[in-house]
Amino acid sequence: MHVNVWHEVAESNMGKAGLLLIGLMVALAVFAPILSPYSPREKTDAPAFSRPSEGHWLGTNDARQDIWTQLLYGARTSLSVGFGVALLSALISVLVGGTAAIFGGLYDRFWMRVVDASIAIPDVIVIILVAAYLRPNVLLMILLLSALSWPGGARVIRAQTLTLKERMHVSAARTFGAGWSHLLVRHIIPDLGPVLVAIMIQDARRAVFMEAGLSFLGISDPSMMSWGKMMQYARIFTYLEVWKWWLLPTGLALSLTLIGLSFTGYSLESALDPRLRDAEGHEGGI
Amino acid sequence: MLEISDLKVSYDRTEILRGVDLDLLRGDSLAIIGESGAGKTTLGLAVMGLLDARASGRILLDGKDILSLDERERRKMRGKEMAMVFQNVEDALDPLMTVYDQVEEAISTHLEKGDIQDVGDRVNGLLGSVGLKMEKGGSFPHQLSGGEKQRALIAMALANDPQVLILDEPTASLDAVSKADIIGLLRKRIREKIVLVITHDISTAAKLAERMAVLYAGRIVELGETKDLLENPRHPYTRGLIRSSPNMTTTKDLQGIPGRMVPGVPGCPFSDRCTQRIDRCRREVPKLTDAGGRMIACHRGGIVPLLELSGVRTSFGDFAAVDGVDLTLFEGETIALVGESGSGKTTLAKTVIGLFEHAEGEIRLEGEPLLRRDRDFYKKVQMIYQNPKESISHRMNVLDAVIEPLAVQKVGSPAERIEIVKRVLDEVELPPDDLFLKKYPHQISGGEAQRVAIARALVLNPKLLIADEPTSSLDASVQAKILKLLLNLQEKRGLAILFITHDIAIARKVSDRMAVMLRGKIVEEGTTGEVTTNPVHPYTMKLLEVAPDLAQKRDVSDFRGGPWSASEGYPLRAREL
């Protein structure tokens, strides 16, 4: 079985669009200092609520800060939280799901009950409660969101590991005397790759959305630059014309990020699942 | 009686016999077998008192020590007390004398004065008794066929009814039919004598001698009853000899013995060619000791049992896939486990290697009960699988795959590991170059992939290889090459192989012993030749009937499809080892 998943993702239109959007957002975040001469909190010389101009592409807000700059730095927060949660929660998922599948028995049952329990808890409420108390910054946000998003992934990883475990090359490695860490690192995780990335993208999408939501509700670290926070402030001034270049571009940026992640995730899933694949246009083959 | 004790003979400082002890009574027949240069003929010549070499020890014939007698006394005994049928029929007869004259000469040499009148009758009687017609007596040797010359030589040896008869390669250079005639003749004529049959031809030895001694580099390494010794050789050298002798009893492909015989090896003479040697073998000479009715000279007590299963049971829920299996696998031996799908063969294999846990019974490896399979266990036991491409991760190239066991076992430095990989790849006849090392499983053929899998199983230098249908996914010509490779590796490394197959035709060619498995039990077990030619259990018979052959037509109407469905009434495990 040697389907080149990444190749298929890059070939499909949806995959292309998704990767392009993600790439764009990453570029904006990374090159923020180059793309804007201001810092996000700096009071500019322009008056408050000034309209888009050559110096200020998206005008300024009530505190005379440059909105374009804030948008760029907001991307950094969103993507950091997204990638951070994706990595951390995937790591926990692999450790829990993978070892549960390999060891089985009581250990497996214990973790799966933990997963069941945490999936049963309505996580949005929990996050809002905890966040309201902790006022999380980026790092804490990553920890908080990861703590609630790993169980779903762990369940998928466990199922996948159970099938991979029965593969002959894994059996063969066991008969070389390999321990579980070797099996996991050398045999299981490489084959989990595509599934793992699909889970990570999904986690990232939820994390970006949750972060924006929490910031919008005003229960994240007040010093944190965030699209959610921008929208929260912009919302107050909707009676002014300023929403056109304050609220709208921010919402658009958030939507495009989410769409990018969704598209990539979807095309990856369809590449992984033969039933979702197009009848033609894939190389397939064993 | 003939009593040989601590006989040592050396030519020019090369010790040919290095301490031989034998006791033979009247009526005993003993075959001395071994490779050329083992000292067989020297032993015969020593008993005849014909040695032209330094000898020590004693050869007592009825109390007289042949070695210490002077030549005049020996001459008196030679031909009368002991006689020898020499190896080379062409040279042993005088070309200028008729057969009659030569036999007459043999008699008259030992004749007391005045007994001349009945010599003619005795010669004719002798010639008749060895099956030579009267008129052949007047022939010169060159007028006779090889078989007739051999008969004449036998007549000469029997001329004075000697007590000891030494037959040195009595049937060498004869065609099969003459050979059978001569053997038949000898069997009749050698009763009530002490007979030493010196031969490298195991089949001749088996027919002429009740007991058999295996001589290696001047020492007897194994001695026992002929039938028992041939069916169940206990010394690795004896097994090697049998494996390299073409015969109609064993069905396994011929295998040789690695290396060659070198005189003067310190310690056990066979130690440099032995695949189960330990340090002690190189230092001390093993004594010929009695081991249950058999004399063996081996520090390890003969071929060691590598894997012993007793009452092993593996169940999935209530269903016992392996249901009380007893099996012993010896060092350097192949046992074929045959049976239809679902008979529990693979489950048994996976139980041994530890992929399944056994519920009951005991598994012993090298005599130690196996309680826990740690890393060291997997250095000794490895497995190859039915589908080579699936058994190698598709994300690993050849180098990654073959080096993995070394990395897991933390053998050597990274550079040494690569060297080991290259050496083993070379051993399994794969190119050890960088181009091949970089190839992925989907870039190589099925045969190459199985070789890679074999190389991977061999890098740890295991003693036991479990081969689970290793060739069933390969086409016939590739299959043949892989099977040959396994046989060669066994010969070279002394690898014990548990060979699992549903194909009894393959099993017949590659295994020493065969175990037939049915519903989780072994129903028949024995040497492969015996099981395939003379099956006892009806299930084995059925397997043999449906086994592939090249006959064009056969009546298959009697065979019903589906799994074996005989009543439980048949005796399970009909043949005990």
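At a glance:
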quantity	calculated
Condition check for B:ILE335: in a strand (DSSP E or B) and either away from chain A (no Cβ under 12 Å) or farther than 25 Å from B:SER511 by Cβ (or both)	yes
Enumerated helices (runs of 4 or more DSSP H) restricted to the stretch A:141-252, each holding at least 2 residues that are within 14 Å of chain B (Cβ to nearest Cβ) and either surrounded by fewer than 18 Cβ atoms within 10 Å (Cβ to Cβ) or in contact (Cβ under 8 Å) with a residue 40 or more places away in the chain (or both)	A:189-216
Residue in the stretch B:422-434 that is under 26 Å from A:ILE188 (Cβ atoms), of a type outside the set (S, T, N, Q) and assigned to a helix (DSSP H, G or I) present	no
Identity of the residue in the stretch B:401-441, surrounded by 18 or more Cβ atoms within 10 Å (Cβ to Cβ) and free of Cβ contacts under 8 Å to residues at least 24 places away in the same chain, that ends up nearest to the other protein chains (Cβ to nearest Cβ)	B:ARG417
Residue list for the stretch B:381-395, filter: at the interface with another protein chain (Cβ under 7 Å from one of its Cβ atoms), more than 21 Å from B:LYS463 (Cβ to Cβ) and not in a loop (DSSP other than H, G, I, E, B)	B:GLU390
Criterion (surrounded by fewer than 18 Cβ atoms within 10 Å (Cβ to Cβ), hydroxyl-bearing (Ser, Thr, Tyr) and in a helix (DSSP H, G or I)) met by exactly one of B:SER472, B:SER477	B:SER477
Wholly enclosed strands (runs of 3 or more DSSP E) of the stretch B:127-216 bearing at least 1 residues outside the structural domain of B:ARG26 (by TED's automatic domain parsing)	B:211-216
Breaking point among (1) among the polar types (S, T, N, Q); (2) at pLDDT 85 or above; (3) under 30 Å from A:VAL156 (Cβ atoms), for A:THR69	(3)
Positions within the stretch B:341-360 being away from chain A (no Cβ under 14 Å) and surrounded by fewer than 21 Cβ atoms within 10 Å (Cβ to Cβ), in sequence order	B:SER341, B:GLY342, B:ALA359, B:GLU360
B:ASP175 vs. criteria touching a residue at least 40 places away in the same chain (Cβ under 8 Å) and acidic (Asp, Glu)	no
Helices (runs of 4 or more DSSP H) within the stretch A:1-57 that include 1 or more residues of a type in the set (Val, Ile, Thr) and at pLDDT below 80	A:5-11
Residue count for the stretch B:442-499, restricted to those that are touching an Asp or Glu at 6+ places or on another chain (Cβ under 6 Å) and within 14 Å of another protein chain (Cβ to nearest Cβ)	0
Residue within the stretch B:372-380 that is at the interface with chain A (Cβ under 8 Å from one of its Cβ atoms), in a helix (DSSP H, G or I) and farther than 23 Å from B:GLU331 by Cβ present	no
Where a residue in the stretch B:500-524 is free of Cβ contacts under 8 Å to residues at least 60 places away in the same chain and more than 15 Å from B:GLU469 (Cβ to Cβ) and its partner, wherever it lies, is surrounded by fewer than 23 Cβ atoms within 10 Å (Cβ to Cβ) and charged (D, E, K, R), with Cβ under 8 Å and at least six apart	B:VAL523/B:ARG573; B:GLU524/B:ARG573; B:GLU524/B:ARG575
Scope the stretch B:246-298; condition more than 19 Å from B:LEU486 (Cα to Cα) and of a type in the set (Gly, Ala, Ser); matching residues	B:GLY264, B:GLY267, B:SER271, B:ALA291, B:GLY292, B:GLY293, B:ALA297
Scan of the stretch A:75-98 for residues that are crowded, with 19+ Cβ neighbours inside 10 Å and either among the acidic types (Asp, Glu) or more than 29 Å from A:LYS229 (Cα to Cα) (or both), ordered by number	A:SER93, A:VAL94, A:VAL96, A:GLY97, A:GLY98
Selected residue [under 21 Å from B:THR42 (Cα atoms), of a type in the set (D, E, K, R) and either surrounded by fewer than 20 Cβ atoms within 10 Å (Cβ to Cβ) or out of contact with any Ser or Thr (no Cβ under 9 Å at 6 or more places or on another chain) (or both)] from B:ASP168, B:ASP201, B:ASP175	B:ASP201
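The values are calculated or read from the model by the stated rules, or taken from the named source; none is laboratory data. Everything numeric in this text was worked out from a predicted model, so none of it was measured. A quick note on method: Cβ atoms are made from the backbone with ideal geometry, for glycine too, and the neighbour counts reach across all protein chains shown.
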